[in-house]
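Below is one structure, written out as structure tokens, with a few remarks after it.
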């Protein structure tokens, strides 16, 4: 039963994080491999502030700091790297590849800095562990307030995002750009502004996930980002690129699968679950559960 | 005269859109066919289906008697079908000659996976043949001075000529031209018409999709008019432009009227 | 000169080893096949070499066996994945590389776990290393020539066009994928043999960054780019010693700069410079279609922006 709660919490966080990846992938056609590094580095920024600079902040403020840091990082990535590439490349395919490689470069920068500054040891986002009060749910099941907060906030953000993209004007503009950027441009929707917005939101989700996961798992290391990126990719592929509900369901399926594997194999093969899912989906049904997207296969 | 290409009740439906909705035609070998119709009539989709870049929803297509609705685009290209595209598709960083050699490769090379390693003398031989075929195609299209120029730097009309040279170098049996003269000057257009007639003299079957009715009546033996995914008229050029259904499709008018029929 | 050689032996040998890795990346990227699988096969080759050394295999048969197995496994792996579009293939092969690191970490006695294996007795001399690199470079250079070279270029630039030109895309991509995998395995084996040990550190993600930087920075258009990239990237920390452990930051910056400003890497830069120089030396004849600058003809050569 505890496993179930574990799976739920993880699922919620995976979903939030994967949403950011799915957003940029679906709207900008960019597979942002720096998303994982941004996740880690947002948490790392909080670490620097609360432990290296010794500024004590309540956990809520830490969350805000991470969200802002994440948003800023991905925004910079968009403006300094992606936009420049788009401006100069001759074909769509060339741009996509270049942006992919550029994002790998960006992640290398972030990961190495964090690695060196932490001497490759785990780090936390707050100096003191977050106080957790425990609730008894009956028949020996316990859940902490931390778990509740994380799950609720992550899910609320996910649903909020889904509603926003479906109902609001901005959301519609974003979907228009994803569908047909040049025509949307002619109709007054600025691709530049939409891409900046998308990246900022994506970065914000990465930052939030950073704090949530660090608190939940006690700590992160500099290479936690690439692990999570792999999981996010599995989630998005499973759920289908561009489908929010797919991401939600995919996230819980992955979290559930991982929890199961961890319980039965004592954690050695947990990361293999994402790989297995990726392979299985791409072989059997490449568009994912709810995907509605164009070419996966050449 | 045998039939090179048979199309029987071909349909290409994309979800609700019926781009091609039941087309049947028999293309005799060695003739030059025109395919005209307003924008959106399904001409390009039909070409895409014939060149296997799109799947048929139903119906059949046969090349020299062989059904090929399920074959790949590579297959039909190797059987002698060549095509041009509405937008020019060259490799801009390669020279004109190298671009044309890509066309020659498709006939001469087969599957050169390890031949460069295992039998270098054979590939050297083939390379020479390929170059010869390409040079001769380049000469026919009067591109010799530009042979080594990077294809990306050329004006649009010239690039189109390079594309046609590329097809010629492949020694095709059937060529589909998708609006080849768009963006060309009158001289260039005439030159292309001349090349087409030469090809016809060599027994190559051609399908020309065009908006320029003058060119169609100049070169084509038989014209098909399409609208809404079906053939609404066919025959030789003069008959077809006088057909009331055709006039209505192009001009939105009914019945008889003046000889604005020459172009739309 | 021999003093230089003796004191830089490790670096010189390392350059040769990573050159093979760089070529494994270059060969796929040039053809538009976005595979990081060679980083995964690097792990396989590395451990295979260590285990074979323990089992008493001599050098050449071991290397040959590793290359062939790498090619075969690469080919098998390509069957399900070769049709995937760039981004997806990239991510799948990225996942593949990462998972192999996990396998290595948990491999028990086969891989020595997180600590790795030591005391590899197989050895290779520097001359042999250079010979291997030369042979690989020769083989790869043949893929850039004549019809095959053109076909691979077309595939990377315009796949649909390739199909209408009779090119069997999937077969070519599978071949390139298998070749890249074999080279990755070879590079891993050479690494084990030159350092006499193997461990999971530096594999996976870091290896991908390294390989990408070398291939992309040097220039993906040709094998010469991979060699240039390997040399620059390996000797860079020597020249700029202060960078120290922040080497990967520099790699990241280099990657970004290249991909934004000069996607064809150093090779592309060289092309542009030579074109400029010739234009200055022999200005174009005035007017007319035939008056395409002489310099422009040079650019039509092997390079271009294959990414």
Q: Please report C:197, A:190, C:181 as a ranked list, fewest other C-beta atoms within 10 angstrom at the top and most at the bottom.
A: A:190, C:197, C:181
Q: Mind pulling the angle between the C-alpha long axis of helix B:156-169 and the longest principal axis of chain B? Nearest 10 degrees, somewhere in 0 to 90.
A: 70 degrees
Q) If segment A:2-221 were replaced by its equivalent ellipsoid, with semi-axes equal to the square roots of 5 times the Cα gyration tensor eigenvalues, what would those be, largest first, whole Å? A) 33, 22, 14
Q. What nm value, rounded to one decimal, do you get for the distance between residue B:67 and residue B:119 when each label is placed 7 Å out toward the C-beta?
A. 3.5 nm
Q) How do B:66, C:8 rank when sorted from fewest to most other Cβ atoms within 10 Å of their own Cβ? A) B:66, C:8
Q | Per-q log10 I(q)/I(0), chain B, q = 0.08, 0.13, 0.14 Å⁻¹ (Debye; single scatterer per alpha-carbon; no solvent) | A | -0.34, -0.87, -1.00
Q: Please tell me the relative contact order of chain B in percent, rounded to the nearest whole number, where contacts are Cα pairs under 8 Å and at least six residues apart.
A: 26 percent
**Q.** segment C:1-69 - Rg over Rh from alpha carbon coordinates, Kirkwood radius
**A.** 1.07
(Q) Taking R0 as 35 Å, what FRET efficiency do you get between residue B:39 and residue C:145 from their Cβ-Cβ distance, rounded to the nearest 0.05? (A) 0.20
Q) For segment C:9-144, how big is the tail of P(r) above 23 Å, as a whole percent of Cα pairs? A) 39 percent
Q: If a/c stays under 1.5 just call it rounded; otherwise compare a/b with b/c (prolate if a/b is bigger, oblate if not). Do that for segment B:28-115, with a ≥ b ≥ c from the square roots of the Cα gyration tensor eigenvalues.
A: oblate
Q) For chain C, what is the relative contact order in percent, using Cα pairs closer than 8 Å and at least 6 residues apart in sequence? A) 30 percent
Q: Round to the nearest 10 and give me the degree value, 0 to 90, for the angle of helix C:223-239's Cα axis relative to the longest principal axis of chain C.
A: 60 degrees
Q: Sum -39500 (n - 2.57) across every DSSP H segment of at least 4 residues in chain A, then divide by the residue count to get the 222 nm mean residue ellipticity, nearest 500.
A: -23500 deg cm²/dmol
(Q) Given contacts defined as C-alpha pairs under 8 Å and at least six residues apart, what's the relative contact order of chain A, whole-number percent? (A) 35 percent
Q. Volume per residue, Å³, of the convex hull around the alpha-carbon atoms of the protein assembly as shown?
A. 197 Å³
Q) Taking the simple approach of a point 7 Å from Cα along Cα-to-Cβ for both residue A:245 and residue B:60, what is their distance in nm? A) 4.3 nm
(Q) Under a crude label model (7 Å from the Cα following the beta-carbon direction), how far is residue C:55 from residue B:29 in nanometres? (A) 5.9 nm
Q | For segment B:91-171, radius of gyration divided by Kirkwood radius, i.e. Rg to Rh on alpha-carbons | A | 1.02
Q.
Against the empirical 2.2 N^0.38 Å scaling, what ratio does the C-alpha Rg of chain C come to?
A. 1.05
Q: Could you tell me what % of all Cα pairs in segment B:49-201 have separations over 28 Å?
A: 24 percent
Q. What's the FRET efficiency of residue C:6 with residue C:127 using the Cβ-Cβ distance as r and R₀ = 22 Å, to the nearest 0.05?
A. 0.90
(Q) Between A:58, A:122, A:286, where does the largest GNM mean-square fluctuation fall for chain A, given springs only between Cα atoms within less than 10 Å? (A) A:58
**Q.** 0 to 90° range, to nearest 10: angle between helix C:247-261 axis and chain C longest Cα axis
**A.** 20 degrees
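Every number here is computed from the coordinates shown, using simple stated rules; none is lab data. Since this is a predicted model, take the numbers as computed values, not measurements. Ideal geometry is used to build each Cβ from the backbone, glycine not excepted, and the neighbour counts take in all protein chains shown.
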